[in-house]
Amino acid sequence: MGELEPRKRSKKAVVPRRIPSEVVPIPLDEAPGFVREALRGTSLMDPFAQLASGWVLFEPHLRFVPVDETHTRIEFDAVGRARGVDTMLYTRRLGEIDRFFVALQDELDRRERTRRPGNASSGEITGSGD
């Protein structure tokens with residue numbers, strides 16, 4: 001019966017912090033420039049928007065980890081600058097982290113669109129034409 005009973009964990013046990021990350025097809029040496037391009041013009045870089053969203057209460061931590069020669073893992077986390085900020089503004093923190101990764105994906109999509117010479121949105125008609 002011991003195996004079926006739920007295990008109790010210590011009240012002081014702490015769950016390890018999960019650092020959000022994404023692997024992008026960018027070499028390690030180009031990754032910082034890629035992030036700067038991705039965040040340019042977003043509210044994450046606007047001081048007034050940062051103040052309104054409470055982002056000024058967080059300290060961003062950004063780390064680049066090479067996966068291979070052509071891919072880099074970008075890890076991003078925001079830690080509260082004051083005691084209790086992580087708890088009080090938890091949903092704001094998650095929202096800002098999500099917005100960071102959406103900005104990265106938007107930049108990847110923009111680069112893919114400009115790299116392809118004949119994309120479908122340009123109105124180009126493909127087919128035999130018979």
The range 70-113 pair-distance distribution - Cα-Cα, 5 Å bins, rounded %: 5, 19, 21, 20, 14, 10, 7, 4, 1
In nm, spacing of pseudo-spin labels at Gln105 and Arg36 (7 Å Cα→C-beta vector): 2.6 nm
Long-range HN-HN contacts of Ile26 with modeled amide H, under 5 Å: Thr72
Two-site label geometry, Met88 and Ala13: point separation in nm, points 7 Å out along Cα→Cβ: 3.0 nm
Relative contact order %, the range 10-104, counting alpha carbon pairs below 8 Å whose residues are six or more apart: 35 percent
Pairwise label distance in nanometres, Asp68 with Asp98, each label 7 Å out on the Cα-Cβ vector: 3.2 nm
Exposure of Val102 as accessible area (Å², to 10), given a probe of 1.4 Å and all protein chains: 80 Å²
Dimensionless Rg/Rh of the range 11-121 - Kirkwood Rh, Rg from C-alpha atoms: 1.04
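The values are calculated or read from the model by the stated rules, or taken from the named source; none is laboratory data. Nothing here was measured: the structure is a model prediction, and the numbers come from that model. Glycine also receives a Cβ, built like all others from the backbone with ideal geometry; neighbour counts cover every protein chain displayed. The protein model used for the area step is the full one, side chains on, heavy atoms only, and it has no ligands, DNA or RNA in it. Shrake-Rupley method; radii C 1.70, N 1.55, O 1.52, S 1.80 Å.
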